[in-house]
Amino acid sequence: MIRRGDTWSRRAFLALGGAACLPGQEPYLDKRSTQLEYDGPGRERGEKRGVEVVRIGFFGPNEAAHPRAGSIWMGAMLALEDANRSGGYRGKPFELVERWSDDVWRSGASAVVRLAYTDEVWAILGGIDGATTHLAEQVVTKALLPLVDPVSTDQTVNHANIPWMFSCAPGDPAIATYLAGQLPEGDFTVVAGTDHDSRNLAKEFLKAAALQRRLPAQRHDIGSGPLQLPALAGAACVILAPSAETAAVMAAAPEGMKLLAGPAARSRVFSSGRHVVTPRLHTVDNARIQRLVSRFGRPADDFSLLAYDAAQFVVEAIREAGLNRALIRDRLAPHFGPRGRRIQEVSS
């Protein structure tokens, strides 16, 4: 029923059937549980001929020493080297083509455009976090090009229902639920970063804690500048911030306080002498970690393993589908959940 005073948007919502699903009723279509399909053109073109090098794009920096994303590049590069040692694609080598700009909001989108249209890659690995993945997603949905996101835990990158978008890492809701389940009895404090990924994880954590009827006694938001915090109190501190800020907060926390942290504490650049409870983003694979360290001479981490998986998914999809973007997308889809995110257990 449309009432006097309804806004235009509410009237449109009601007219489109928004009020049709009442409590206890099943929705006509729930996109959250429906496997995304691509029904457009592309498959009928068959395989492209005359290709001598099979290029896979990487939206990130191409150096192992890069402080934010070097470990991600290492994982992707090792996977392609392994693929070439096992024959490449019908004897043709795979090549990782990197495009990046540290000024990502000025020229990041153009880097992805060059991968899609100039470099003519068959899929893109990237970005290096939630914000850059959102940026890349906007390009591939127009280019009709598979994007495999290795490391972003921001679940909203999968909410646009784009069938070309796939994510390897656990989503923030799963991470938040795990952390909320590790809270001890008593008061706790939340310290959150102001960057995109930290804000999203903090929002999901507060929802997960509320479901357990837990609310923080204190919440503090911190930027990347000098740390300014009041004295932390309570039985636990939940730190949802980038690696450097997470380590700084831990150093400021009193002895005896239980420390919990988000995925940043899984990064190779994270360093703290304190014990921290943090979810594992990938199953233990010490042999592959050692191979990465031996090959590149730099530490590896969970993000390296996720990037290796992402590149391996793309390689196998190309080998099965041939050089056709739409068919490659079709071979990738079964490895991921209904919204294009791989379903994984989150544990210590």
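Considering only Ser267, Ile72, Ser198, and ranking their Cα positions along the charge dipole of the chain that arises from unit charges at the beta-carbon of Lys, Arg, Asp and Glu, the one farthest toward the positive end is Ser198.
Using a probe radius of 1.4 angstrom, the carbon and sulfur fraction of the accessible surface of the range 283-348 is 49%.
Candidate cross-link partners of Lys92 among the lysines, defined by an alpha-carbon separation under 18 Å and a same-chain spacing of 8 or more, comprise Lys48.
Amide H contacts under 5 Å for Lys258: Ala236, Cys237, restricted to partners 5 or more places along the chain or on a different chain, H placed in the peptide plane at 1.01 Å from N. Cross-link reach is defined here as a Cα-Cα straight distance under 24 Å, omitting same-chain residues fewer than 8 places apart; for Lys258 the lysines meeting it are Lys203, Lys207. Our coupling estimate for the range 331-348, obtained by passing each phi through the Karplus curve with A = 6.51, B = -1.76, C = 1.60 and θ = phi - 60°, is 6, 6, 3, x, 7, 10, x, x, 9, x, 10, 5, 8, 9, 6, 10, 9, 6 Hz, Gly and Pro reported as x. Phi-derived couplings, Karplus 6.51 cos²θ - 1.76 cosθ + 1.60 at θ = phi - 60°, listed residue by residue for the range 158-172: 9, 8, 7, 6, 9, x, 9, 10, 9, 10, 9, 7, x, x, 4 Hz, with x used for Gly and Pro. Here the label points at Glu345 and Thr141, each 7 Å from Cα along the C-beta direction, are separated by 3.4 nm in the simple model.
For the chain, the per residue solvent-accessible surface stands at 48 Å², with DNA, RNA and ligands left out and a 1.4 Å probe.
For the range 200-275, with all protein chains in place and a probe radius of 1.4 Å, 53% of the accessible heavy-atom surface sits on carbon or sulfur.
Within the listed set Arg329, Arg274, Arg213, the residue fluctuating most in the Gaussian network model of the chain (springs between alpha-carbon atoms under 10 angstrom) is Arg213.
Percent relative contact order of the range 143-263, based on C-alpha pairs within less than 8 angstrom and at least six residues apart? Answer for the range 143-263 is 25 percent.
For the chain, the residue among Tyr117, Trp100, Leu36 whose Cα projects farthest onto the positive side of the dipole built from Cβ charges is Leu36.
Each Cα pair under 8 Å and six or more residues apart adds its separation to the average, and for the range 202-348 the resulting relative contact order is 15 percent. For Ile222, nonlocal amide neighbours, meaning residues 5 or more places apart or on other chains whose placed amide H falls under 5 Å from its own, are Ala192, Gly193, Thr194. From most to least packed by mean Cβ count within 10 Å, the peptides 126-139, 199-212 give 126-139, 199-212.
Electrostatic tally near Val157: other residues with Cβ closer than 12 Å to its Cβ, Lys and Arg +1, Asp and Glu -1, net -4. Phi angles of the range 234-240 translate, via the Karplus equation with coefficients 6.51, -1.76, 1.60 and θ = phi - 60°, into HN-Hα couplings of x, 7, 8, 10, 9, 10, 10 Hz per residue; Gly and Pro are given as x. The relative contact order of the chain comes to 22 percent, based on Cα pairs under 8 Å that sit 6 or more residues apart.
The values are calculated or read from the model by the stated rules, or taken from the named source; none is laboratory data. Keep in mind that what you see is a predicted model, and the values were worked out from it rather than measured. Every residue, glycine among them, receives a Cβ derived from its backbone with ideal geometry; neighbour counts consider all protein chains shown. Please note that ligands, DNA and RNA were not included when accessible areas were found on the heavy atoms of the full protein model with its side chains. Shrake-Rupley method; radii C 1.70, N 1.55, O 1.52, S 1.80 Å.
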